[in-house]
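Below: one structure, written as structure tokens.
The values are calculated or read from the model by the stated rules, or taken from the named source; none is laboratory data. Please read these numbers as outputs of a predicted model, since none were measured by experiment. Here Cβ is always computed from backbone atoms with ideal geometry, including for glycine, and neighbour counts include all displayed protein chains. All accessible areas refer to the heavy atoms of the entire protein, side chains included, with ligands and DNA or RNA removed. Shrake-Rupley method; radii C 1.70, N 1.55, O 1.52, S 1.80 Å.
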Amino acid sequence: MSKLIENPKTYSGRELENIFFRPMLTGPDALDLGIKVMYNMPVPTTLNFWRRSGDILQPYGTGWTGSTAADRYQKSIEMSKVKAEIGYSAADYFSMVFELITNRADVNLDDLSGTELETAETELFRQAIAESIRATMWLGNTDRSNGSLATFNGLLKAIHADKDEMATTTFTASNISDDGFVESMLRQMLADAPDELRALKSEGQLAFFCSSDIYAAYENSLDSVVLDAAYEAKQNGRVGLSMRGIPVIDLQLGKYLSEINDLPRSFAILTDRRNLALAVNTSDFPGTEIRMWYNPDLMENRQRAVFMAGCDYLLPELVSYAHIE
């Protein structure tokens with residue numbers, strides 16, 4: 001098998017959607033992001049949130065006295081045209097693609113077809129794009145001077161800018177290491193949350209999204225519970241954490257937070273998952289494509305993706321926010 005992967009590949013139109021982006025932005029992969037994902041929705045892409053009406057019962061009588069069935073809140077998500085470009089030496093690229101193939105149990109290594117290579121190449125690039133979208137979705141800032149995660153504005157920037165309009169808690173870096181502080185803080189965030197937000201708990205969509213240090217401090221506080229189950233969890237680890245039935249999610253952004261200084265490095269956000277949305281579009285703008293090719297002059301395999309992306313949150317009254325001062 002040659003260590004050169006030379007056949008160029010270009011995805012556009014339906015092929016771009018079905019082969020590359022849709023598997024990444026729908027189903028289990030979209031659920032892993034933890035928020036609402038809007039893929040190829042009509043432009044302008046609009047985030048909607050429906051709220052049940054209150055008392056609609058009326059005394060029986062003739063005539064029509066109907067009321068609104070539900071309140072709808074809308075916000076257009078600003079979309080930015082972005083591109084991703086990666087170049088690998090031919091040997092390194094072959095090694096990474098070959099590793100993806102050999103990790104599959106159903107592959108005949110004596111008969112690797114072009115389809116096998118194409119699938120592995122696509123998966124390699126898809127993983128890189130998915131991680132970049134995830135990190136920018138939370139920490140993006142188009143005003144950032146160093147260009148890191150600067151293709152579109154992220155959720156943390158939007159929420160931090162509107163912190164005066166929502167239930168907000170501030171703390172210092174030293175507080176995080178205080179015994180029981182983070183557990184008390186999460187509990188207080190729920191208590192301070194607006195009635196509208198706490199009322200949504202029964203629908204199972206509330207979540208705490210937090211930086212890794214907050215998550216780790218909360219997990220450490222659970223180790224002090226004197227129960228057999230806690231003792232076993234301390235030894236074996238925990239698959240996921242919850243606080244009063246609400247998932248606590250580690251966003252795993254540490255390596256990115258260490259490189260920026262315009263957003264809080266420690267934070268926690270309590271909100272309804274449906275209040276946050278990521279939008280990606282590959283169908284309504286010209287020039288969107290995925291291209292993979294070999295450059296013989298530099299002996300380099302290259303990958304490029306062009307598409308539209310953006311994210312936002314809708315209602316500040318559905319957010320309880322804590323951040324480091």
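Using a cut-off of 29 Å between Cα atoms, the listed pairs Lys75/Lys163; Lys36/Lys81; Lys83/Lys255; Lys201/Lys255; Lys9/Lys157 include Lys201/Lys255; Lys9/Lys157 as exceeding that distance. Accessible surface ranking for Trp64, Trp138, 1.4 angstrom probe, highest first: Trp64, Trp138.
Could you tell me what fraction of 2.2 N^0.38 Å the Cα radius of gyration of the stretch 272-322 comes to, as a two-decimal ratio?
1.88
Think of the stretch 267-325 as having a plus end and a minus end, set by charges on the Cβ of Lys, Arg, Asp and Glu; of Phe285, Leu315, Leu270, Phe285 sits farthest toward the positive end of this dipole.
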